[in-house]
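What follows is calculated from the coordinates using simple rules that are stated; it is not laboratory data. Everything quoted here is computed from the prediction, not taken from an experiment. Neighbour counts are summed over all protein chains in view; Cβ atoms, including those assigned to glycine, are modelled from backbone coordinates with ideal geometry.
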Amino acid sequence: MRASRLTVFMYAGIIGVPVLFILMVAGLLLNNAYALDVISMLLLLALVLFGVSGIFEVYAHRRYPRSGNKAGNGEFIENKVQPKSRQGKEISVVLKRFNSTTKEFDRVTYKARVDDRTTVLGALLDIKDYQDNTVSVRCNCRMGICGSCGMVVNGKPMLACETSILSAVKNDSVEVAPMTGHPLLKDMVTDFADFFERHRSVEPTLYRKDAREKYAPTEEYKQSQEELDKFLPYSYCIMCGLCLDACPVVNSNPNFIGPQALSQVYRYHADSRDQRGKKRLFDVDTIDGAWGCEFSGSCSKACPKGVDPAAAIQMLKGDIMKLLPENGE
Ligand code: SF4
Ligand code: FES
């Protein structure tokens, strides 16, 4: 078990104070004034450190109650503060956690009591609240809208807040790991800076030639149902990054812009209100753009919103092909 820094101070105090006390008595017996002064000062310092660390330790335990199961030891210790209301089946939740000391992943097992309404995210937050507050998870809406809780559950990228944990359990156990297509920050939390940069790079906004329209509109943009249907499914992207994580091409060629950004190119290209024209197609007519896609389809399978980036990319390829002179454009 790893001890906190405060605990180390406490143990140092428990050992150090009696030792210094004995030395002080020895100094008195030997009648050495200099040794007595030094030992008295050290004793005072040790007592202050001991007292302050004790106060902080008590405060930390009150604020973050925990049963003693620490990251990295891989062992579950009976939870002392499990909510009494928690009923249901007891399962093992195996978290793949990066150990910054060994630079390897540890598989840490926790026990969780879950029922058919418990999501993977719910179970992880319970573990964090009642067993090990060092577990890091990112979430916001808890309803499949914000896209921040993507992780890999039993080898498949999913939104933790939308996945029933019992549906993922195999042999009373479920494994949860961070996404691999994004740099890891801590535990299940990955860095989306590069992902957002890819998204930004395709200018995912409506472009109008007359910029004044925006400030002095004279009428609304009108669209038929067919025009709306062309791009609507692609506008449901919540930028969860699961498609990027599932894409085998991104995982082998980081320069490939990826399914999310390409699906957004198609979303704006197919929108009858957008006036960027062929430029959107020219921008992705590259080997790291639309032509990088090998149509494995894993992005569409992973997408929790039914966006179907794989289809969007194939349609982009088709529209790029129409630009060839022999195809009349
Ligand atoms: S296309 Fe789907 S999987 Fe990809 S980021 Fe958007 S919502 Fe997530
Ligand atoms: S917490 Fe918002 S999508 Fe899961």
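Worth a mention:
- The range 192-327, relative contact order [Cα under 8 Å, separation at least 6], %: 30 percent
- Over the chain, relative contact order from alpha-carbon pairs under 8 Å, at least 6 apart, %: 12 percent
- 3J(HN,Hα) couplings calculated from phi for the range 292-308 with the Karplus curve 6.51 cos²θ - 1.76 cosθ + 1.60 (θ = phi - 60°) are, in sequence order, x, 5, 9, 6, 6, x, 5, 4, 5, 5, 7, 5, x, 10, x, 6, 6 Hz; Gly and Pro show x.
- Kyte-Doolittle mean at least -0.5 and Cα axial length at least 27 Å: DSSP H helices in the chain: 5-30, 33-63
- Most mobile of 316, 43, 184 in a GNM of the chain (Cα contacts under 10 Å): 43
- Residues 238, 145 arranged by fewest to most Cβ contacts within 10 Å: 145, 238
- Taking the range 89-189 and dividing mean pair separation by its residue count, relative contact order in percent (alpha carbons under 8 Å, at least six apart): 32 percent
- Other-chain or far-sequence residues with amide H under 5 Å of residue 150's (modelled H): 160
- For the range 131-146, 3J(HN,Hα) per residue [Karplus equation, 6.51 cos²θ - 1.76 cosθ + 1.60, θ = phi - 60°, Hz, x = Gly/Pro]: 10, 8, 6, 8, 5, 10, 9, 10, 7, 9, 6, 6, 8, x, 10, 7
- Pairwise FRET efficiency - residue 104 versus residue 210, Cβ, R0 = 45 Å, nearest 0.05: 0.20
- The order of 146, 293, going from fewest to most other C-beta atoms within 10 Å of their C-beta, is 146, 293.
- The range 179-329, Rg to Rh (Cα coordinates; Rh as Kirkwood inverse mean 1/r): 1.00
- Reference-scaled alpha-carbon Rg (2.2 N^0.38 Å with N residues) for the chain: 1.46
- Straight-line reach from residue 322: taking Cα to Cα under 20 Å and skipping same-chain neighbours fewer than 8 places apart, the aspartates and glutamates in range are 227, 271, 274, 283, 285, 288, 294.
- Under 28 Å from residue 89, Cα to Cα: lysines that are on another chain or at least 8 residues apart: 70, 80, 111, 128, 156, 170
- Fewest neighbouring Cβ atoms within 10 Å first, the residues 226, 175 line up as 226, 175.
- Across 148, 40, 136, mean-square fluctuation computed from a Gaussian network of the chain (C-alpha pairs under 10 Å connected) peaks at 40.
- Highest-MSF residue in the chain out of 248, 157, 18 [GNM, Cα springs under 10 Å]: 18
- Between residue 272 and residue 44, the simple spin-label model (points 7 angstrom out along Cα→Cβ) gives 8.6 nm.
- Sequence-ordered 3J(HN,Hα) estimates for the range 271-283 from the Karplus curve with 6.51, -1.76 and 1.60 and θ = phi - 60° stand at 7, 5, 7, 7, 10, 6, x, 5, 4, 4, 6, 4, 4 Hz, glycine and proline given as x.
- log₁₀ of I(q)/I(0) at q = 0.17 Å⁻¹ - the range 89-189, Debye sum with one point per alpha carbon: -0.70
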